């Protein structure tokens, strides 16, 4: 084989190898999901199940979210929520996507202020249930005063600190929160979506709220 041909083949092979490596890096580091898709699908499904339990077989659902760009977990949860809710009854869903202004305080299960919650609730007095994927609202005295009607609320809450106050005021019906009761149920190394959910999350009702630890 002529040396020139051999060199061309060597260069071509090297380029293919480099291209393959670059594609692998792109897929695994950038394109592929960096979160546990099955877990967050289950979170979304459970949010839908709790919404249906609170609202009944039909009704108006008001959904409070933030942009999902940069929030792949939220995107997965919302897709699973909407898909599951369709199987549980006849619901009209209206979505409010809050403008976060790139503030770090907003994220999955956190960021909803009392002012924004009251504004949304007062615009939707006919809502059967409000569903927040950005936390349980942090309510101030003036927020309570301007709330025209106390709606049913299903909230995903990263922190449980303000849940006792909200449950005491009947401002939240159920919350899906980060786990605070240990040991968690199920196996040490969870495999199914439900086992993973039970390991990291729990459903909080007015009965379970008494178990929330008091901050020292």
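A short reminder: the numbers here are calculations on the coordinates, not readings from a lab. Computed from a prediction, not measured in an experiment: that's the story for all the values here. Every residue, glycine as well, gets a Cβ built from its backbone with ideal geometry; the counts of neighbours run over all protein chains shown.
The table below lists the values:
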item	result
Taking 191, 140 and counting other C-beta atoms within 10 Å, the order from fewest to most	191, 140
Mean-position separation - Cα centroids, region 133-162 and region 164-205, in angstrom	18 Å
Antiparallel DSSP beta bridges within region 35-211, as percent of all bridges there, nearest 5	20 percent
Largest-first ellipsoid semi-axes for region 34-113, taking √(5λ) over the Cα gyration tensor eigenvalues, angstrom	22, 16, 9
Cα centroid separation - region 75-123 against region 36-52, whole Å	14 Å
Packing rank of 116-125, 204-213, 94-103, where each peptide gets the mean count of other beta carbons within 10 Å, highest leading	116-125, 204-213, 94-103
Contact order normalised by residue count of region 35-211, Cα under 8 Å, 6+ apart, percent	21 percent
Cβ-based exposure ranking for 69, 184, in which fewest neighbours within 10 Å come first	69, 184
Estimated translational D of region 35-211 in µm²/s (Stokes, Kirkwood radius over Cα pairs; 25 °C; 0.890 mPa s)	151 µm²/s
Enclosed volume per residue, in Å³, of the convex hull spanned by Cα atoms of region 94-160	90 Å³
